[in-house]
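The values are calculated or read from the model by the stated rules, or taken from the named source; none is laboratory data. Quantities reported herein were computed from a predicted structural model and do not represent experimental measurements. Cβ sites come from the backbone with ideal geometry, for glycine too, and all protein chains shown count toward neighbours.
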Amino acid sequence: MHYYELYSLLKNNFPVITDQAAMAELGITIKRYAFESQKSASFLSGCEQPQCNIHGAGLDGGGAGVNNAEDIVQTDFEIQCNRSFSYYILKTTAPERSKGFILFFHGLNEKKWDKYLPWACEIAKQTQKAVVLFPIAFHMDRAPEDWGDKQQMLALARSRAEKYPENGTSSSFINAAISSRLEYFPQRLFWSGFQTYADVVQLIETINEGKVPEIEPNASVDLFGYSIGSFFASILKMANPSDYFKEARLFCFCGGMTIDRMFPVSKYIMDASAAIAMQRSYAELLSSDFATDKRLAHFQNWEEHPKEAWFKTMLRYNYFLKERESRLSGMSHQIKALVLKQDDVAPPVEALNTLKGGYRDIPIEVLIDDYQYPYSHMNPFSLVHKYKQEVDEAFSRFVGEASSFLNK
């Protein structure tokens with residue numbers, strides 16, 4: 001079966017309406033699970049009483065409340081679909097319960113799982129582990145339908161293009177919502193990641209309690225991250241909440257670098273003014289030790305939050321360099337990356353700089369591949385039929401590298 005055929009089969013059978021799909025020809029099942037994010041009420045912008053669940057104290061400052069005209073109307077706390085959503089488990093039909101699972105994290109500004117289904121399917125088959133497709137906060141079906149409404153978002157994109165001429169062709173209805181939200185409140189990068197972080201811990205607790213039939217309690221866990229998913233998964237691995245990720249392996253695809261060494265300006269990801277605002281904001285926050293945002297400062301304090309504070313080490317390459325490289329070096333045998341030579345969003349040299357260190361003395365394996373057909377960061381595996389042979393070969397190499405590493 002060619003890659004494009006596998007893609008179509010999985011997309012057409014994805015359980016959007018039903019709770020489960022079984023594909024005998026592939027030997028896999030995909031099951032949908034409902035999830036309630038339990039801890040977000042205490043820190044999402046717009047909540048009544050922002051506080052720390054550990055220290056209990058109220059934390060004022062730095063939280064975007066009522067949004068301005070340029071932002072999406074609802075506050076983050078008011079977006080109910082972000083707190084009640086679905087995740088998916090893709091696994092082989094045998095065994096009945098997997099002894100290990102792989103947490104799979106997608107890229108920035110994604111609204112559908114379609115392109116990831118072949119990746120998850122083949123990794124599940126080759127590792128015999130369950131693959132958990134878990135959405136990052138405010139992505140996939142955790143994002144309101146309005147953010148994907150072409151007419152509404154075209155109006156917002158035109159407004160942004162007029163207000164910010166520097167956006168050029170990077171303003172689009174596809175990225176209008178995320179661009180507006182991140183420009184207005186760049187700290188959302190942390191708060192959405194923090195909510196996802198808490199959700200992942202909650203998910204693993206649920207699995208360990210035996211409440212997920214596809215996965216054995218206390219099953220081993222590994223991590224797969226693509227693009228911004230690699231950024232999030234790297235922080236999760238470094239933070240190691242509840243010691244859940246001490247033995248976890250992390251495979252980064254088209255990612256692995258600090259956020260300032262990624263270049264997400266694209267009509268598919270975010271526009272130029274949003275990217276500039278986000279980078280400028282975090283540069284200022286780091287330079288001032290988060291002096292202008294007391295809430296964020298609390299969660300980035302090594303003494304108060306030694307785990308969550310790893311977030312700040314992945315924001316800018318030259319900040320917390322010693323701490324980050326020491327941490328990565330200590331877990332180097334558990335991390336591997338595959339990056340693409342012609343990727344201009346996540347340049348390979350930046351993955352080398354972050355994961356192997358400026359002096360290349362961190363023994364993390366970083367593979368650089370170059371596919372023999374037109375590809376991009378957003379679309380590494382083409383669906384164009386005339387490239388089917390080349391795509392099949394590239395996809396086979398990718399899956400082989402990821403699966404062999406995650407299966408050790």
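Going through (1) within 21 Å of E247 (Cα to Cα); (2) part of a strand (DSSP E or B) one by one, V339 falls short only on (1). Residue-level check: of (1) on the phi < 0 side of the Ramachandran plot; (2) crowded, with 18+ Cβ neighbours inside 10 Å; (3) in contact with a helix residue (DSSP H, G or I) (Cβ under 6 Å, 6 or more places away or on another chain), Q126 misses just (2).
Taking first residues from region 84-96 that are buried (at least 18 other Cβ atoms within 10 Å of the Cβ) and partners that are part of a loop (DSSP other than H, G, I, E, B), the Cβ contacts under 6 Å between residues at least 6 apart in sequence or on separate chains come to Y87/F134; I89/E214; K91/E214; T92/G27.
Listed by first and then second residue, the pairs linking a residue in region 341-357 that is within 15 Å of S234 (Cβ to Cβ) to a residue that is among the basic types (K, R), with Cβ atoms under 8 Å apart and 6 or more places separating them unless they lie on different chains, are E350/R261; L352/R360; N353/R261; T354/R261; T354/R324.
Quick check on I335: is it closer than 18 Å to I228 by Cα, surrounded by 16 or more Cβ atoms within 10 Å (Cβ to Cβ) and among the β-branched types (V, I, T)? Spelling it out, I335 is indeed closer than 18 Å to I228 by Cα, surrounded by 16 or more Cβ atoms within 10 Å (Cβ to Cβ) and among the β-branched types (V, I, T).
The set of residues from region 365-388 being without any contact (Cβ under 8 Å) to a residue 40 or more places away in the chain and in a helix (DSSP H, G or I) comprises K386, Y387.
Listed here are the residues, each with its yes/no results for (1) within 23 Å of S42 (Cβ to Cβ); (2) out of contact with any Gly (no Cβ under 7 Å at 6 or more places or on another chain); (3) crowded, with 22+ Cβ neighbours inside 10 Å.
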position	(1), (2), (3)
S192	yes, yes, yes
Q195	yes, yes, yes
V200	yes, yes, yes
K211	no, yes, no
E214	no, yes, no
P217	no, no, no
S220	no, no, no
L223	no, yes, yes
Y226	no, no, yes
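If you check R327, R295, R316 for being part of a helix (DSSP H, G or I) and surrounded by fewer than 22 Cβ atoms within 10 Å (Cβ to Cβ), only one passes: R327.
In region 158-173 there is at least one residue that is under 28 Å from N13 (Cα atoms) and touching a helix residue (DSSP H, G or I) at 6+ places or on another chain (Cβ under 9 Å). Among residues of region 1-27 that are in a loop (DSSP other than H, G, I, E, B), those with a Cβ under 9 angstrom from a residue that is among the β-branched types (V, I, T), sequence gap 6+ or separate chain, pair up as H2/V391; F14/I30; P15/I30; A24/T93; L26/T92; G27/T92; G27/T93.
Would you check if S242 is among the hydroxyl-bearing types (S, T, Y) and surrounded by fewer than 15 Cβ atoms within 10 Å (Cβ to Cβ)? Yes: the conditions hold for S242. Out of all the residues in region 44-52, is one or more in a strand (DSSP E or B), touching a Ser or Thr at 6+ places or on another chain (Cβ under 7 Å) and either at pLDDT 95 or above or aliphatic (A, V, I, L, M) (or both)? No: zero hits.
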